[in-house]
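As structure tokens, the structure follows; a few thoughts come after it.
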Amino acid sequence: MTKTDWTRCFAIVAAAISLAGCHNDMWTQPKLRAQQESDFFADGQADRMPVPGTIARGGLKEDEAYFTGRRNGKLVADLPSRVVLSKELLARGKERFEVFCTHCHGYAGDGKGMIAQRGLSLRRPPASYHTQRLREMPIGHFFEVMSRGFGVMFSQATRVPVEDRWAIAAYIRALQLSHDFDASSLAPDETQKLNVPADEQLGLPGAHKKGEAEGAPSKE
Amino acid sequence: MPQLFSRKVNTYSRVTLFCALALPAGLIFAGSAITRSAANTNVNVPLDQPVPFSHKHHTEELGIDCRFCHPSVETSAKAGVPSTETCMACHSQIWTNAPALKPVRESYEKGTPIRWQRVNKVPEFVYFDHSIHIARGLNCNTCHGPVQKMHITWKGNYFFMRWCLECHNEPEKYLYADPAHPDMEPRQKAFELYKKNKYGQDLTPVEWRNLEGQPLKFDAKQVEAGKKLVEKYGVKTKQLTDCWTCHR
């Protein structure tokens, strides 16, 4: 072989070695990420459930009223002491209610969410909160419905953490009050404000108008 | 004495010279074009999913909030794919016999998860966190493309390092306040866009482009406003492009 041949040979080997360095063990590492598949565990899932009965540090659920909505087996009538009724609590409740409940129960809690409006009624329609029975229910009931589900409604507990459930329960109470109120007891300047369309009061311009026109083809 | 080289050789040598320069450039160009093409990155390619789940049906038409199905997106690194139980909350009652939903029902009965194909992924040496981006008011479509329009989910952007850095270098070109609710929490603003779209409210050109997953194209004034937001939110611009931010 000539000198150039040797050089060429060297170049090819060098290229081959550096190419061999290109493997992807950094791209897919032996660690497991959330929701990944795993061939290590029998059920093929990387996500593990805690052993039954596990209590995380600081996670002991001693406060019965706060975590179950019941005290000594009876539904609580007031917010548990840990939850402070405030403007912020209601604002949080409104936000979370609109995320997790409105598509079934509607923005006003009247059971006319988008699913019902589109004519796709659930086998049992979502409840309206504005019935005498529900107005008289202690607040713990709403917490319990969210935590455990009710009839055909599934539990929301995996999505809505405990503190948010109380915020939503408080907001539902506010919704109920707003729909069961004697307007004649208001001062005249307050009555004026009542003439604002309901959707604007909800901070949702156009919601109801659009809702009625829902059957119309979308603007796309 | 006759000429050593004929006239033709001039052309040959020019062509050779040109090729010597153009070929590597062309190769690099072709190489990067291939790397960025859909064949390599899967951008804009709907994947073959076990259930033909449609974001268009569920988010735009039914108006379900992203957080109903991706509840951890605001508070943790992962947005996560929803549990079967989330689907069954409705599908135990609606479309209970639809063949398309058979895998969902089976999964619910047997307790085995549905195996969705992963659409968006960064390599495992990259650390990404959803919560901080949502907390700064970035709408999902900035990164994921027009999700509310997708019948079958596709990837809106290639997540190359370059792409992340474009924004981390100049976050002021991506942050804007909602003109209708200037004081809204940025976290909430990120989702307000879908609601405004659903209820047919007026959107500014920037909001439209954001919703469509297109580049925002800020003018000088908007960049100025963006800078103010960067300050207001306390974005740590100094460390945003440090290697350890994303490689740790």
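Laboratory data are not the source of any read-out in this text; all were calculated from the coordinates shown. No experiment lies behind these values; they were computed from the predicted model shown. Positions of Cβ are generated from backbone atoms using ideal geometry, with glycine treated the same way; all protein chains shown enter the neighbour counts.
What's the average, rounded to a whole number, of partner chain beta-carbon atoms within 10 Å of each residue's beta-carbon in B:124-137?
1
For a label point 7 angstrom out from the Cα of B:ILE94 toward its Cβ, which stretches of the stretch B:16-60 have the backbone nitrogen within less than 17 Å?
Of the residues in the stretch B:16-60, B:52-60 have backbone N under 17 Å from the label point off B:ILE94.
Across the stretch A:170-176, in residue order, what do the Karplus-derived ³J(HN,Hα) couplings come to in whole Hz, using 6.51 cos²θ - 1.76 cosθ + 1.60 with θ = phi - 60° and x for Gly and Pro?
Ordered by residue, 3J(HN,Hα) equals 5, 5, 4, 4, 5, 4, 4 Hz.
Across peptide A:147-154, what mean number of C-beta atoms from other chains lies inside 10 Å of a residue's C-beta?
Partner-chain Cβ atoms within 10 Å, mean over residues of A:147-154: 2.
Running Debye on the stretch A:98-186 with equal point scatterers at the Cα sites and no solvent, what base-10 log of I(q)/I(0) appears at q = 0.17, 0.19 Å⁻¹?
Debye intensities relative to I(0), on a log10 scale: -0.73, -0.90.
Pairs B:LYS195/B:LYS221; B:LYS196/B:LYS236; B:LYS195/B:LYS232; B:LYS196/B:LYS228; B:LYS149/B:LYS198: which are spaced more than 18 Å apart, C-alpha to C-alpha?
Pairs exceeding the cut-off: B:LYS195/B:LYS221; B:LYS196/B:LYS236; B:LYS195/B:LYS232; B:LYS196/B:LYS228.
Pick from B:VAL122, B:VAL223, B:VAL15: which is most flexible by mean-square fluctuation in a GNM of chain B where alpha carbon atoms under 10 Å apart are linked?
Maximum among the listed residues: B:VAL15.
Once amide H atoms are built 1.01 Å from N in the peptide plane, which residues 5 or more positions from A:GLN45, or in another chain, come under 5 Å H to H?
So A:GLN45 has HN proximity to A:SER38.
Taking the alpha-carbon centroid of each part, what is the distance from the stretch A:27-56 to the stretch B:114-133 in angstrom?
Centre-to-centre distance over Cα atoms comes out at 16 Å.
I want to verify the translational diffusion coefficient of the protein assembly as shown in µm²/s; compute it with Stokes-Einstein, Rh as the Kirkwood radius over Cα pairs, at 25 °C and 0.890 mPa s.
Stokes-Einstein gives a translational diffusion coefficient of 92 µm²/s.
How many Cβ atoms of partner chains, on average, are near each residue of B:73-83 if near means within 10 Å of its Cβ?
The per-residue average across the peptide is 2.
Do you know the Lys pair count in the stretch A:68-203 for C-alpha distances under 25 Å, with sequence separation 8 or more or different chains?
4
When the helices in the protein assembly as shown are scored as -39500 (n - 2.57) per DSSP H run of 4 or longer and the sum is shared across all residues, what 222 nm value do you end up with, to the nearest 500 deg cm²/dmol?
-12500 deg cm²/dmol
Which three extents, in angstrom, do the Cα atoms of chain B have along their principal axes, listed largest first?
Its Cα atoms span 99, 49, 39 Å along the three principal axes.
Take the Cβ-Cβ distance between A:GLN36 and B:ARG187 as r, set R0 to 25 Å, and report the resulting FRET efficiency rounded to the nearest 0.05.
For A:GLN36 and B:ARG187, the calculated efficiency is 0.35.
Tally Lys/Arg at +1 and Asp/Glu at -1 over every other residue whose Cβ is under 15 Å from the Cβ of B:THR153; what's the total?
Here the charged neighbours net out to +4.
Using 0.36 nm times the number of residues separating B:LEU240 and B:PHE5, minus their current alpha carbon distance, what extension gain do you get?
78.6 nm
Skipping prolines and chain starts, which residues have an amide H placed within reach, meaning under 5 Å, of the one on A:ARG70, given they are 5 or more residues away or on another chain?
The list, which skips near neighbours in sequence, is A:VAL76.
Just to confirm a number: summing +1 for Lys and Arg and -1 for Asp and Glu over residues other than A:VAL160 whose beta-carbon lies under 11 angstrom from that of A:VAL160, what do you get?
Residues near A:VAL160 contribute +2 overall.
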